[in-house]
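To start, the structure under review is shown below, and the notes come after it.
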Amino acid sequence: MTPPAVMPSDGTLGCVTGRFQPVHDQHLELIGIALDACEHVIVAVTNPDTAARHEEATSAHRHTPAANPFTYYERSRLLIAALDAAGYGDRTTVVPFDLTRPHVWPEYVPPWAHQFVRAYDGWERQKADALRVGGYAVTVLDGDPATKRSASDIRVLLREGADWRGAVPAGVAPVLDALLAARS
């Protein structure tokens with residue numbers, strides 16, 4: 001992976017934010033890009049609870065129950081499994097990150113953390129702008145909408161009982177199987 005053009009000022013701490021509903025390979029790819037530039041990366045889970053979900057004009061579905069089937073606990077378990085399987089576990093930390101409460105962001109992600117955002121559409125650009133306003137340095141990587149992997153597609157496979165295992169990163173399937181079985 002090619003490191004981003006804009007590097008963190010001290011190169012020690014990066015951050016990638018997302019809902020991770022569920023985690024997929026493009027999430028891991030972005031985390032890998034951040035790790036190429038930083039010693040440690042915080043993986044900040046947005047919409048960590050139902051109170052954090054709000055309608056956004058640039059992302060009509062992100063607040064809906066169907067788009068948020070996994071709890072913060074479940075997503076952190078899935079992320080840890082994916083990060084460990086990718087060899088990133090010792091260089092990452094998973095935290096909750098409510099995008100609707102910028103006044104508490106520094107309690108979860110220090111202000112010197114460099115944010116990495118891959119933008120496919122207006123929502124990601126809006127998020128990058130909010131992070132900048134919140135005082136973070138931000139690198140925006142343009143994503144190709146034609147190659148975008150969507151967690152929405154994985155959620156459809158899960159709802160339909162179709163084979164979803166090939167759509168998630170290594171290490172995630174057994175954890176997701178266990179989480180889904182616990183719901184039954």
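Extension gain for ARG101-THR12 works out to 29.6 nm (0.36 nm per residue, less the C-alpha to C-alpha distance). Ellipsoid fit via the Cα gyration tensor, the range 68-184: semi-axes of 27, 18, 14 Å, each the root of five times an eigenvalue, largest first. Each peptide in 113-125, 81-93 gets a packing score, the mean of other Cβ atoms within 10 Å over its residues, and the list from highest to lowest is 113-125, 81-93.
Any read-out appearing in this document is the output of simple, stated calculations on the displayed coordinates, not a laboratory observation. As the structure is a computational prediction, the values presented were derived from the model and not from experiment. Using ideal geometry, Cβ is built from the backbone for each residue, glycine included, and neighbour counts are taken over all protein chains shown.
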